[in-house]
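Enquirer: One structure coming up, written as structure tokens, with questions to follow.
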Amino acid sequence: MAGVVGLLLAAGQGTRFGSDKLLHPLACGTPMAVVSARTLRGVCPRSIAVLRPEQGVLAGLLAAEGLEIVFSPESCGGMGHTLAAGVAASPDATGWLVTLADMPFIQPVTLRRVADALAEGAALAAAFVDGQRGHPVGFAARWRPELLALTGDEGARAVIGGNRGLLRRIYTADPGVLQDVDRPGDIPP
């Protein structure tokens with residue numbers, strides 16, 4: 001699985017939160033994005049965080065966790081740009097395990113199962129809970145051209161939607177796969 005690269009998408013604006021949510025400490029005292037990064041890096045030793053250029057403080061924290069940092073000025077245009085920047089920074093990857101920095105409650109075993117599906121040859125893989133697709137999402141290297149062409153805020157939804165027959169569904173009871181943090185009230189006490 002050494003060829004599967006973890007991508008932590010951390011360039012969102014987070015305007016609904018009211019402050020920099022990715023630096024917001026969770027109950028354990030650790031910033032949200034650092035928790036997400038640690039979980040991802042525990043599964044993918046080579047992991048890349050994609051950030052906006054002005055996120056220097058977060059970049060320092062994530063680099064200290066062992067993640068490679070990619071700054072993407074285009075990310076202000078949406079998640080598609082962010083994902084494309086991470087893929088561009090890892091041309092030798094055999095696949096990408098994509099997760100979001102504002103989803104710190106995904107269990108490590110869930111990330112591992114999606115990464116394992118890629119390592120076993122799945123073209124696409126994603127976690128599902130109660131019939132809903134969540135994160136992480138895995139993409140085999142064959143999707144590189146499509147991922148590099150992404151723009152806007154849709155991310156890779158079109159790649160997945162247009163290739164549902166190739167999607168390996170990883171069923172889980174992990175509620176973290178659907179639990180992103182948009183507002184302070186989304187963080188459990």
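The values are calculated or read from the model by the stated rules, or taken from the named source; none is laboratory data. In this text, all values refer to a predicted model and were calculated from it rather than measured experimentally. Methodologically, a virtual Cβ is constructed for each residue, glycine included, from the backbone with ideal geometry; neighbour enumeration extends over all protein chains shown.
Enquirer: Go through region 40-68 and count every residue that is within 15 Å of Val5 (Cβ to Cβ) and not aliphatic (A, V, I, L, M).
Expert: 8
Enquirer: Conditions first: (1) in contact with a Gly (Cβ under 9 Å, 6 or more places away or on another chain); (2) over 16 Å from Arg46 (Cβ atoms). Val109 passes all but one, so which condition is the exception?
Expert: (1)
Enquirer: Restrict the check to region 150-159 and report whether at least one residue is at pLDDT 95 or above and either within 18 Å of Val50 (Cβ to Cβ) or in contact with a helix residue (DSSP H, G or I) (Cβ under 8 Å, 6 or more places away or on another chain) (or both).
Expert: No, region 150-159 contains no residue that is at pLDDT 95 or above and either within 18 Å of Val50 (Cβ to Cβ) or in contact with a helix residue (DSSP H, G or I) (Cβ under 8 Å, 6 or more places away or on another chain) (or both).
Enquirer: Go through region 118-153 and count every residue that is surrounded by 14 or more Cβ atoms within 10 Å (Cβ to Cβ) and assigned to a loop (DSSP other than H, G, I, E, B).
Expert: 3
Enquirer: With respect to the numbered conditions (1) assigned to a loop (DSSP other than H, G, I, E, B); (2) at pLDDT 95 or above; (3) farther than 21 Å from Ala11 by Cβ, which one is the sole condition not fulfilled by Pro104?
Expert: Result: Pro104 fails condition (3) only.
Enquirer: I've got another one for you. Does at least one position in region 167-177 carry a residue that is within 22 Å of Lys21 (Cβ to Cβ), in a loop (DSSP other than H, G, I, E, B) and among the acidic types (Asp, Glu)?
Expert: yes
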